[in-house]
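The values are calculated or read from the model by the stated rules, or taken from the named source; none is laboratory data. Worth saying up front: this structure is predicted, and the values here are computed from it rather than measured. Every residue, glycine as well, gets a Cβ built from its backbone with ideal geometry; the counts of neighbours run over all protein chains shown. Just the protein is used for accessible areas: all its heavy atoms, side chains included, with ligands, DNA and RNA removed. Shrake-Rupley method; radii C 1.70, N 1.55, O 1.52, S 1.80 Å.
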Amino acid sequence: MAEFTMELNDEQKEVRDWLHGFAADVIRPAAAEWDEREETPWPVIQEAAKVGIYSLDFYAQQYFDPTGLGIPMAMEELFWGDAGIALSIVGTGLAAVGVLANGTEEQIGTWIPQMYGDANDVKVAAFCSSEPDAGSDVASMRTRAVYDEAKDEWVLNGTKTWATNGGIANVHVVVAVVDAELGSKGHASFIVPPNTPGLSQGQKFKKHGIRASHTAEVVLENVRIPGSCLLGGKEKLDERLARARERAKAGGERVKNAAMATFEASRPAVGAMAVGTARAAYEVALDYAKTREQFGRPIIDNQGVAFQLADMRTSIDAARLLVWRASWMAVNGKPFTAAEGSMSKLFASETAKKVTAQAIQILGGNGYTREYPVERMHRDAAIYTIFEGTSEVQRLVIARTLSGMPIR
């Protein structure tokens, strides 16, 4: 087990600087254009694939970094460049985490490479959990998966929403209900292979922020997939459902479901994304405050501005430390006994919203225009308190963990 550290080693610093250079030289110059176009930035993703950033090997190296700092360090640098483009580059990772968290070794080896493709033929993947009537309330999920024993196939029906890369993905990972009586305990995750009949893209959403990232509904109409596409396999699912039924009879507590296993693993990474956006806005505001003059002196000479910047930097550093702690704990098998994963996402998400708003205020009228990037950063930051568990849900998780009570 690696010791927790607040210092990157030489190899990590080299990777960080490499990512920062890509973010500065490739992502940032393209950010405004793709935000306006509201389209997937395929050329940028391809550039990331060519240099090795968008690849299974790169994410595996960061994911298995024994310090736990590989993924959050990478997320922070890419999202420092631009949140929308960065999410297009890393969005496949959520589906990959879903397979890593729930799949067998054979499934991991088969499907994750197909999620990325290669530099000459870039692919993306989608993780499909939320539904029109089931976002934070995963127990209300309606998408059903029914096993056809005669053909050893699963039949999926339902509609998913808010799916990053939904409909344009090569591989979709879909969470569906297999036993409605068990509520959220009766869910399972499935791989929908490329070109499977019955899967289609529904509405593509026009969003407030992260507009370079494709977000859409995914419609499943009698989608038939092989039995081998059930993540973890049917024997494991049957055993888990049997345990859940026994606990339900005995009045026992919850069993972790497939979607929650994915979100628990990814929350610190989302926190790192928020840190990257907050840091970017802070740096713009700091540079502006040092060069913008009012009444014959730089505005940073005024306590009202300087103190804001001090608070911004303090919050960013505190958020990063929470993210790093949770990431280290996750990689080293330390349980989140105080909901440390949710703490990291909650604090970092709220920090990003606050810091980007403060950056606009420091830039004044200029900050409100699209001539400066903080306006876009503020729009982008709004998503962090919403996706992969709202701030309210994070507080609920933390409160329940600390109290041991079924707080509602």
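Before moving on, here are some points about what is shown:
- Calculated P(r) of the stretch 121-202 - Cα pairs past 18 Å, %: 40
- D (Stokes-Einstein, µm²/s), Kirkwood Cα radius, the stretch 29-177, 1.306 mPa s at 10 °C: 95
- Both the radius of gyration and Dmax for the stretch 1-93 are 13.6, 46 Å, in that order, over alpha-carbon atoms.
- Note that the chain presents 45 Å² accessible area per residue, ligands and nucleic acids not counted, probe 1.4 Å.
- Of all segments of the chain bounded by GluC sites (Glu not before Pro) found in a DSSP loop with no more than 11 other C-beta atoms within 10 Å, the longest spans 8-148.
- With the simple model of a label 7 Å out from the Cα in the direction of the Cβ, Asp179 to Arg28 spans 5.3 nm.
- For the stretch 77-118, chymotrypsin sites (Phe, Trp or Tyr not before Pro) meeting the loop criterion (DSSP other than H, G, I, E, B) and having at most 16 other Cβ atoms within 10 Å: none.
- For the chain, the fraction of 1.4 Å probe accessible surface lying on carbon and sulfur atoms is 51 percent.
- Relative contact order (%) - the stretch 306-389, alpha-carbon pairs under 8 angstrom, separation at least six: 25
- Diffusion coefficient of the stretch 169-246 by Stokes-Einstein, Kirkwood radius over Cα pairs, 4 °C, 1.567 mPa s: 90 µm²/s.
- Shape summary of the stretch 326-375, radius of gyration then Dmax from alpha carbon positions: 16.6, 48 Å.
- Spatially proximal lysines relative to Lys185 (Cα-Cα < 18 Å; intrachain offsets below 8 disregarded): Lys234, Lys236, Lys249, Lys256
- Relative contact order (%) - criterion: Cα under 8 Å, at least six apart; region: the stretch 251-408: 29
- Cross-link reach is defined here as a Cα-Cα straight distance under 17 Å, omitting same-chain residues fewer than 8 places apart; for Lys50 the lysines meeting it are Lys123.
- The chain, helix-only ellipticity at 222 nm - DSSP H runs n ≥ 4, -39,500 (n - 2.57), divided by all residues, nearest 500: -17000 deg cm²/dmol
- Calculated SAXS-style log₁₀ I(q)/I(0) at q = 0.30, 0.31 Å⁻¹ - the stretch 349-399, Debye, Cα scatterers: -1.03, -1.07
- Candidate aspartates and glutamates - alpha carbon under 19 Å from Lys160, same-chain residues fewer than 8 apart omitted: Glu131, Asp133, Asp137, Asp179, Glu217, Glu221, Glu388
- Every pair of different Cα atoms in the chain enters the Kirkwood calculation, which places the hydrodynamic radius at 22.0 Å.
- Working from Cα pairs under 8 Å separated by at least six residues, relative contact order for the chain is 17 percent.
- Exposure rank, largest accessible area first [Leu286, Leu402; 1.4 Å]: Leu402, Leu286
- Principal axis analysis of the Cα atoms in the stretch 281-408 yields extents of 57, 24, 23 Å, listed in decreasing size.
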